[in-house]
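*Asks:* Below is a structure I'd like to ask you about.
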Amino acid sequence: MSLQMIKGRSMQPALNPDSNRLKNDVVLVDKTIRGMMSSRLKRGDIVTFTSPHDPDCHLVKRIIALPHDCIVPLSSPDSYVRIPNGQCWVEGDESFHSSDSNTFGPIPIALIDARVITPVWPLSRFGTRLPPLPEWKKPRIYPNGGPRMSE
């Protein structure tokens, strides 16, 4: 377990719900999900990971799809992407302010550093339960290539 500061608007309203850019959430993260424990990751988890394009950049997004799932990308509503083994699809909750799998495609699960547990700062957010996977995203997800999550 460790603490990590979250910057940016891509995960609003789950993280950094205040649009004041001077206030950033600090969250408790679980780093034990790396490697062999990555099988504990599930759809809806908010994770931190190394950018697939810039190893010096660390991002925070929500897991939307896991290996063998199919997802309809926001940029191509008439197509779908099957998630390869060892990879996942990540998106920000605020899609208009997010550079995510809709931009760079599925990411290797090996890039995931930690799972976000809960905000600890500011104190008004201490222990706040993180919201689940947004309902509007579910119709785009086909777990294991089967029926949509919303059905």
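*Asks:* Consider Leu3 against the criteria (1) under 15 Å from the mean Cα position of the chain (by Cα); (2) among the hydrophobic types (A, V, I, L, M, F, W, C); (3) part of a strand (DSSP E or B): it satisfies all of them except one. Which criterion is unmet?
*Replies:* Single failed check for Leu3: (1).
*Asks:* Just to be sure, is Arg129 at pLDDT 95 or above and either surrounded by 12 or more Cβ atoms within 10 Å (Cβ to Cβ) or part of a loop (DSSP other than H, G, I, E, B) (or both)?
*Replies:* Working: at pLDDT 95 or above: no; either surrounded by 12 or more Cβ atoms within 10 Å (Cβ to Cβ) or part of a loop (DSSP other than H, G, I, E, B) (or both): yes.
Against the criterion (at pLDDT 95 or above and either surrounded by 12 or more Cβ atoms within 10 Å (Cβ to Cβ) or part of a loop (DSSP other than H, G, I, E, B) (or both)), Arg129 does not qualify.
*Asks:* While we're here: Among the residues of the stretch 37-50, are any modelled with pLDDT of 90 or more, more than 20 Å from Ser101 (Cβ to Cβ), of a type in the set (A, V, I, L, M, F, W, C) and part of a strand (DSSP E or B)? Walk me through it before giving the result.
*Replies:* To start, the set of residues in the stretch 37-50 that are modelled with pLDDT of 90 or more comprises 41-50.
Applying the additional criterion that residues be more than 20 Å from Ser101 (Cβ to Cβ) yields none.
Looking for residues that are modelled with pLDDT of 90 or more, more than 20 Å from Ser101 (Cβ to Cβ), of a type in the set (A, V, I, L, M, F, W, C) and part of a strand (DSSP E or B), one finds none in the stretch 37-50, hence no.
*Asks:* Right, next: Return a yes/no flag: does the stretch 102-119 have any residue that is under 22 Å from Leu15 (Cα atoms), touching a Leu at 6+ places or on another chain (Cβ under 8 Å) and free of Cβ contacts under 8 Å to residues at least 40 places away in the same chain.
*Replies:* Scanning the stretch 102-119, I find at least one residue that is under 22 Å from Leu15 (Cα atoms), touching a Leu at 6+ places or on another chain (Cβ under 8 Å) and free of Cβ contacts under 8 Å to residues at least 40 places away in the same chain, so the answer is yes.
*Asks:* Residues that are open to solvent by less than 30 Å² (accessible area, probe 1.4 Å), basic (Lys, Arg) and out of contact with any Phe, Trp or Tyr (no Cβ under 7 Å at 6 or more places or on another chain): which strands (runs of 3 or more DSSP E) entirely in the stretch 52-126 hold 2 or more of them? Break it down stepwise before answering.
*Replies:* Numbers: elements: 58-65, 87-91, 112-121.
In the stretch 52-126, 58-65 are the strands (runs of 3 or more DSSP E) which contain 2 or more residues that are open to solvent by less than 30 Å² (accessible area, probe 1.4 Å), basic (Lys, Arg) and out of contact with any Phe, Trp or Tyr (no Cβ under 7 Å at 6 or more places or on another chain).
*Asks:* Go through (1) at negative phi; (2) small (Gly, Ala, Ser); (3) modelled with pLDDT under 95; (4) surrounded by 17 or more Cβ atoms within 10 Å (Cβ to Cβ) one by one and return the number of the condition Gly8 breaks.
*Replies:* Unmet for Gly8, out of (1) at negative phi; (2) small (Gly, Ala, Ser); (3) modelled with pLDDT under 95; (4) surrounded by 17 or more Cβ atoms within 10 Å (Cβ to Cβ): (1).
*Asks:* Regarding the stretch 30-42, can at least one residue be identified that is surrounded by 15 or more Cβ atoms within 10 Å (Cβ to Cβ), more than 19 Å from Arg140 (Cβ to Cβ), in contact with a Lys or Arg (Cβ under 8 Å, 6 or more places away or on another chain) and acidic (Asp, Glu)?
*Replies:* yes
*Asks:* State the number of residues belonging to the stretch 77-94 that are within 26 Å of Pro17 (Cα to Cα) and touching a residue at least 40 places away in the same chain (Cβ under 8 Å).
*Replies:* 6
The values are calculated or read from the model by the stated rules, or taken from the named source; none is laboratory data. All values derive from a computational prediction rather than experimental measurement. Ideal geometry is used to build each Cβ from the backbone, glycine not excepted, and the neighbour counts take in all protein chains shown. Just the protein is used for accessible areas: all its heavy atoms, side chains included, with ligands, DNA and RNA removed. Shrake-Rupley method; radii C 1.70, N 1.55, O 1.52, S 1.80 Å.
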